[in-house]
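The values are calculated or read from the model by the stated rules, or taken from the named source; none is laboratory data. It should be emphasised that the depicted structure is a prediction, and the values quoted were computed from it without experimental measurement. With ideal geometry, Cβ positions are generated from the backbone for all residues, glycine too; neighbour counts draw on all protein chains shown. Keep in mind that these areas ignore ligands, DNA and RNA; they rest on the heavy atoms of the full protein, side chains included. Shrake-Rupley method; radii C 1.70, N 1.55, O 1.52, S 1.80 Å.
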Amino acid sequence: FTANVSHELKTPLTTIRGFAEMLGGGMITDGDDIRRYGKRIYDEANRLLNVINDIIRLSEIEENHSEIFTETNLSAVAKEVAENLAEKAKRLEIDLSVSGSDVTIQANGGYIYEMIYNLTENAVKYNRPGGKVLVDVSRAGDKAVITVADNGIGIPKEHQGRIFERFYRVDKARSRDTGGTGLGLSLTRSAVLLHRGSIKLYSKEKEGTTFTVRIPLTYVP
Ligand code: ADP
């Protein structure tokens, strides 16, 4: 993890330093070039901030600093996530919808939001124009069931066992281009485990992916 972290932090910082040095040294004088390099510095700085924020959230959740469990309406959270991702889905030409029944559990609302958000954002991102994403909330016995299904690019079998690892990505370039940090699924899994839940995935390359999360209705730490 330490080796990965330093790589993930150093890469954008090295780029930033290189471009800043060139700009500061007066080596770049053309207006368009200055704007282009400025944008690269801005993009890389954003990437760095995203990684740092995700690392902080991951360590917070793994150290269980935030254990406030309250009544959480999963359907309401799923709808809020869909609303907040509506613009992105529209831009990528993805049909994003929420279905299911009202299910309320004892949970940490912030982490539940983050979990559903990460899964749904991935379903939108790793997809194709015209694709579909469905977030469903239901109840089975003493558990709440959340599924996030897409008919996007899918995850090849040989990667399926590793995608919950920190910084693991199937396609590094695609993840980067979409602003990914490679930490979303690690955060998601930690959030699920904090609630004593389970997460499973079913995926087929080029056909799509379904993540199923099961969380006990009344567990409180
Ligand atoms: P990232 O920030 O790269 O999206 P994640 O931890 O959220 O990181 O996901 C890890 C990797 O798993 C992604 O880079 C992607 O290759 C793959 N992945 C996650 N969700 C999906 C999905 N719904 N469809 C296809 N691939 C996915």
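Going through Glu71, Glu93 one at a time, which residue ends up being touching a residue at least 24 places away in the same chain (Cβ under 8 Å), touching a strand residue (DSSP E or B) at 6+ places or on another chain (Cβ under 7 Å) and acidic (Asp, Glu)? Just a single option satisfies the conditions, and that option is Glu71. Of all residue pairs spaced 6 or more apart or on separate chains, those with beta-carbon atoms under 9 Å, a first member in region 199-221 that is at positive phi and a second member that is within 13 Å of the ligand (Cβ to nearest atom) and among the hydrophobic types (A, V, I, L, M, F, W, C) are Lys206/Ile153; Gly208/Ala123; Gly208/Ala149; Gly208/Ile153. The C-beta contact set for region 1-25 (first residue closer than 17 Å to Asn46 by Cα and among the β-branched types (Val, Ile, Thr), second residue in a helix (DSSP H, G or I) and open to solvent by 80 Å² or more (accessible area, probe 1.4 Å), distance under 9 angstrom, 6+ apart or interchain) comprises Thr15/Arg40; Ile16/Arg40.
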